[in-house]
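The values are calculated or read from the model by the stated rules, or taken from the named source; none is laboratory data. The structure displayed is predicted, hence computed values, not measured ones. Don't worry about glycine lacking a Cβ; one is built from the backbone with ideal geometry, like all the others, and counts go over all protein chains shown. When the accessible area is computed, the model is the full protein with side chains, heavy atoms only, and any ligands, DNA or RNA have been set aside. Shrake-Rupley method; radii C 1.70, N 1.55, O 1.52, S 1.80 Å.
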Amino acid sequence: MKYTFEKAEKSTVKVTIKLTAEEWAEAIDLAYEKTKGRFSIPGFRKGKVPKKVIESAYGVGVFYEEAINQAFPKYYGEVLDKEPSIQVVGKPDVDIKDLSEKGLTLIAIVPVKPEVKIGAYKGINFKKPEYNVTDADIEEELKRLQDRNSRMVNVEDRAVVDGDMVVIDYSGSVDGVKFDGGTAEKQNLTIGSKTFIPGFEEQIIGMNIGDAKDITVKFPDDYHAENLKGKDAVFAIKLHEIKVKELPELTDDFIKEATGAESLEAYKAETKARFEKQNADRAERELEDVIVKKITETSEVEIPDAMVENQIDHMVQEMSFRLSYQGLKLEDYLKHMGKTMDEFRAGYFDQAKDIVKSQLVIDKIITDEKIEATEADVEARVEEMAKSQDKPVPDIKKNMGARQLDYVKNDIVIKKLFDFLKKENVIE
């Protein structure tokens, strides 16, 4: 096998692979062995027909397609092994030339990692965002704590007011005809939650336990059910219960039971410290995003379509996973949104391109500045992990696979990168 490679347009490399007659014949023999069971010729048992007989019956090129499928991955792989400078980022576009019994020439246009013309990344002024913890933040957290530990109690001596949770039966109809999904019994509904269509919840205000009445509403013009869009509907309502949320009192005893803190004041102090840490981390992340964005904007790179498509694949897969946690399928979500998969993917294009460019810029700086994770760095990180998990270091190492080790190394490198960028630029 002989090969050559040269740069082509838009971050691709043209790889030309020429097989000798012997190599091509070997590939054809492999194709024959793989496919001979498909042929039936009178006088021969299936799978036992000689190659020459099949070629005589079906033509000399009968095995060519499968032979190419056998040959290309093998010899293409050999080229990549011998030429590490060809950093492949996607599937090659393969063309066939000079195909005959004497040999085969394959031309592969291979998308490769592009060269980056990096912009300035030192001596730039950046303003770090600042987020302060206020008394209102602490009070809001206390309200959330109360809400999480609240209970619902029944009210029987008054009518429904905004904010109550009610238990109702309802039965809806349009032009006197009931519709699917419009009937329920003992349904919980919080008044003011806007769970139901506009006007529904408001008309329950003022009802007393045991009351029954009809309410009239209009479905929105953009309602998801086509047969109900813009239609006037009547709902027969029966009120069974009125409930209110009872919040626990903020006492030291409650705080200790709910959070483990020794007192209300101690919990406030812990909450403030936690929020300050969260705010500091948020400020650092936003500063890092601004730094990368600024450097990326002044950098130039010709991004292969394959890299953008790979990133879109990843983003679509992530969306599919998120939907699955909600019990939904991506296909059903697309139907609900009225989009095809191509339209859905197109919506990610600009974002995916920006992500790829940012990653290429980051990789370029890491390479140019020779930033790496040393063995000492990894050892220190493993010790941190062991301490946080309260486990011996050997146990952490024993359970650390290659993928997790790569993740740890990458995390170390990224942290070093941003430490470097913050040091080399002016942070106000």
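When Gly61, Gly37, Gly43, Gly90 are screened for being in contact with a Pro (Cβ under 8 Å, 6 or more places away or on another chain) and either at positive phi or modelled with pLDDT under 95 (or both), only Gly90 passes.
Filtering Phe254, Phe275, Phe235 for residues that are farther than 25 Å from Phe420 by Cβ, at pLDDT 95 or above, open to solvent by less than 70 Å² (accessible area, probe 1.4 Å) and not in a helix (DSSP H, G or I) leaves a single hit, Phe235.
Within region 192-206, not a single residue is in a strand (DSSP E or B) and within 30 Å of His336 (Cα to Cα). Given the criteria under 30 Å from Glu424 (Cα atoms), under 36 Å from the mean Cα position of the chain (by Cα), surrounded by 13 or more Cβ atoms within 10 Å (Cβ to Cβ) and among the aliphatic types (A, V, I, L, M), does Ile109 qualify? Here the answer is no, as Ile109 does not meet what is asked. Every test in (1) free of Cβ contacts under 8 Å to residues at least 60 places away in the same chain; (2) surrounded by 15 or more Cβ atoms within 10 Å (Cβ to Cβ) is passed by Gly172 save one, and that test is (1).
Residues are listed down the side, and each one gets a yes or a no for (1) over 30 Å from Gln87 (Cα atoms); (2) of a type in the set (Asp, Glu); (3) open to solvent by 70 Å² or more (accessible area, probe 1.4 Å); (4) out of contact with any Asp or Glu (no Cβ under 8 Å at 6 or more places or on another chain):
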position: Val13; (1), (2), (3), (4): no, no, no, no
position: Leu19; (1), (2), (3), (4): no, no, no, yes
position: Ala27; (1), (2), (3), (4): no, no, no, yes
position: Thr35; (1), (2), (3), (4): yes, no, no, no
position: Phe39; (1), (2), (3), (4): yes, no, no, yes
position: Lys46; (1), (2), (3), (4): yes, no, yes, yes
position: Ile54; (1), (2), (3), (4): yes, no, no, yes
position: Ala57; (1), (2), (3), (4): yes, no, no, yes
position: Val62; (1), (2), (3), (4): yes, no, no, no
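Filtering region 276-289 for residues that are farther than 30 Å from Ile118 by Cα, touching an Asp or Glu at 6+ places or on another chain (Cβ under 9 Å) and not hydroxyl-bearing (Ser, Thr, Tyr) leaves a non-empty set. Only one entry in Lys194, Lys186, Lys213 is in contact with an Asp or Glu (Cβ under 9 Å, 6 or more places away or on another chain), open to solvent by 50 Å² or more (accessible area, probe 1.4 Å), of a type in the set (Lys, Arg) and touching a residue at least 12 places away in the same chain (Cβ under 8 Å), namely Lys186. Only residues that are open to solvent by 90 Å² or more (accessible area, probe 1.4 Å) and free of Cβ contacts under 8 Å to residues at least 60 places away in the same chain were counted in region 257-272, giving 4.
Taken over region 132-161, the criterion of being small (Gly, Ala, Ser) and surrounded by 15 or more Cβ atoms within 10 Å (Cβ to Cβ) is satisfied by Ala159 alone. Inside region 144-183, residues that are outside any loop (DSSP other than H, G, I, E, B), over 36 Å from the mean Cα position of the chain (by Cα) and not basic (Lys, Arg) make up a count of 16. For region 278-303, the set of residues classified as open to solvent by 30 Å² or more (accessible area, probe 1.4 Å) and within 30 Å of Lys10 (Cα to Cα) consists of Glu288, Asp289, Val290, Lys293, Lys294, Glu297, Thr298, Glu300, Val301, Glu302, listed by residue number.
On the basis of being part of a helix (DSSP H, G or I), touching a residue at least 12 places away in the same chain (Cβ under 8 Å) and open to solvent by 60 Å² or more (accessible area, probe 1.4 Å), does Glu331 make the cut? No: the conditions fail for Glu331.
If you go through region 412-428 and keep only what is part of a helix (DSSP H, G or I) and open to solvent by 60 Å² or more (accessible area, probe 1.4 Å), you end up with Lys415, Lys416, Asp419, Lys423, Glu424.
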